[in-house]
1. Name the single residue, out of those in the stretch 175-207 being closer than 21 Å to residue 287 by Cβ and part of a helix (DSSP H, G or I), that is modelled with the lowest pLDDT.
2. Can you tell me how many residues in the stretch 244-265 are assigned to a helix (DSSP H, G or I) and under 22 Å from residue 324 (Cβ atoms)?
3. Please work out if residue 64 is out of contact with any helix residue (DSSP H, G or I) (no Cβ under 9 Å at 6 or more places or on another chain) and modelled with pLDDT of 90 or more.
4. Residue check, residue 108 against (1) in contact with a helix residue (DSSP H, G or I) (Cβ under 6 Å, 6 or more places away or on another chain); (2) under 30 Å from residue 214 (Cα atoms), all met but one. Which one?
5. Take the conditions modelled with pLDDT under 85, more than 21 Å from residue 322 (Cα to Cα) and out of contact with any strand residue (DSSP E or B) (no Cβ under 7 Å at 6 or more places or on another chain) and apply them to residue 210. Does it pass?
6. Can you tell me which residue is modelled with the highest pLDDT among those in the stretch 291-300 that are in contact with a helix residue (DSSP H, G or I) (Cβ under 6 Å, 6 or more places away or on another chain) and part of a helix (DSSP H, G or I)?
7. Check residue 260 against each of (1) crowded, with 17+ Cβ neighbours inside 10 Å; (2) more than 17 Å from residue 49 (Cα to Cα); (3) in contact (Cβ under 8 Å) with a residue 60 or more places away in the chain and name the one condition it does not meet.
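The values are calculated or read from the model by the stated rules, or taken from the named source; none is laboratory data. Note that this is a predicted model, so its numbers are computed, not measured. Here the Cβ positions follow ideal geometry from the backbone for every residue, glycine too, while neighbour counts run over all protein chains shown.
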């Protein structure tokens, strides 16, 4: 697998050769390379996001257990349960009531985690197919395409569209409409761009819609990721840093581990502040693609795309480190 940074470097080298005017095969290749780099970084980000979502819910479950214990055994309060559930507050002992509440909380969050991971898996599959499309676009733009490419274009577009239809039914997008700014009936490309490259671009509405879907979903996912990262960081800082540091004694049980964890958690704070910008990469890629097929691609558009992709790759790597977490 090509490293995302290597892809970005290749894109950067091509910037020097750009010219204004109608899009060239070189510019198609550049946007295609950027699309492939985006897909690679996105796969890393989504994988780490799934881990962080589950970890955040685990943190919440532990906090909820502590709160329930406080209410039931110290304050002697039995929280009400939903009407359609068995009444935990009617259990014969407080111990059984406590266990009843915990079972309900665990089941609820287990289902929530399964739903979230299913969404992540769908997004990853969608991103993988988009990456394959941009890989194919690059081959077509550089003239290196086999005969089987003719079938690959339509197959990829159908697969991307089918998955996109599933994602657009996801509760995260329930209230959003995916709108495209106009259409490109007359493809603005060089006269020399013919054959399979032209066919791959004539179906640009599919890719534009799917990139817009990615952009919307990323905005929602990144918002939740920011909340979950913050929650996990706060809990880890209390458990791994503050509690051992504030305990009576001349030092902490594991000084090297404490120093390492503090470095990781302080760094995670910066990641938390940047994570809600993840959708910017999808937006810039969609804009560059629309400009490309609309015949108005410019060096500034591609420069903006490159800058956002560099930030996005750095963010994906930071979130992956955060998901690896502390010990």
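1. Selected residue: 202.
2. As a first pass, look at the stretch 244-265 and keep what is assigned to a helix (DSSP H, G or I): 244-246, 255-265.
In the following step, the residues that additionally are under 22 Å from residue 324 (Cβ atoms) were identified as 244, 255-265.
The number of residues fulfilling the criteria is 12.
3. No.
4. (1)
5. Numbers: modelled with pLDDT under 85: no; more than 21 Å from residue 322 (Cα to Cα): yes; out of contact with any strand residue (DSSP E or B) (no Cβ under 7 Å at 6 or more places or on another chain): yes.
Here the answer is no, as residue 210 does not meet what is asked.
6. Looking only at the stretch 291-300, we keep the residues that are in contact with a helix residue (DSSP H, G or I) (Cβ under 6 Å, 6 or more places away or on another chain), and these are 291-293, 297.
If we keep only those that are part of a helix (DSSP H, G or I) as well, we get 291-293.
Working: 291: 84, 292: 81, 293: 78.
Across the stretch 291-300, the extreme among qualifying residues is 291.
7. If we test residue 260 against (1) crowded, with 17+ Cβ neighbours inside 10 Å; (2) more than 17 Å from residue 49 (Cα to Cα); (3) in contact (Cβ under 8 Å) with a residue 60 or more places away in the chain, just (1) comes out false.
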